[in-house]
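**Student:** Shown below is the structure under consideration.
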Amino acid sequence: MSLWLELEGLQKKKAEFEDQLHSLDEKIKTQEERMQVVDEGLEIQEEHLRKLEVQLNDKHEAVSKLESRIAELEKILKKPVKEPAKEEPEIKIEPITLAR
């Protein structure tokens, strides 16, 4: 009879282990699915960051061009203006004829 009890105990342990194995398999499957979702989300975030980086670089370049243009214009404004020499109005001297 003790062999039957031992066999019964082993069968119960086997059933418990199979249940635990099934539970762990389900948990692994769930974790793998979550991992896939997280990986996809990470890829989306990385792509978004790359796009933002390109936009940021474009904005920096635009600001740099604007600053350069502003510096050029300020330089032009600071240069003394060379006014053309004022021409003296030409005085026409008309000969005076004396009537005799």
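Coordinate-derived values only; no laboratory data. On a predicted model such as this, the values are computed, not experimentally measured, just so you know.
**Student:** How big is the Cα convex hull of the stretch 1-82 in projection, averaged over all directions, in nm²?
**Tutor:** Projected area, direction-averaged: 7.7 nm².
**Student:** OK, next. Under the Karplus relation 6.51 cos²θ - 1.76 cosθ + 1.60, θ = phi - 60°, what is the ordered set of whole-Hz ³J(HN,Hα) values for the stretch 46-62, x standing for Gly and Pro?
**Tutor:** 5, 5, 4, 4, 4, 5, 5, 5, 5, 4, 5, 4, 4, 5, 4, 5, 5
**Student:** Report the full-extension gain for the segment ASN57 to ARG34: residue separation times 0.36 nm, less the Cα-Cα distance, to one decimal in nm.
**Tutor:** Result for the pair: 4.8 nm of gain on full extension.
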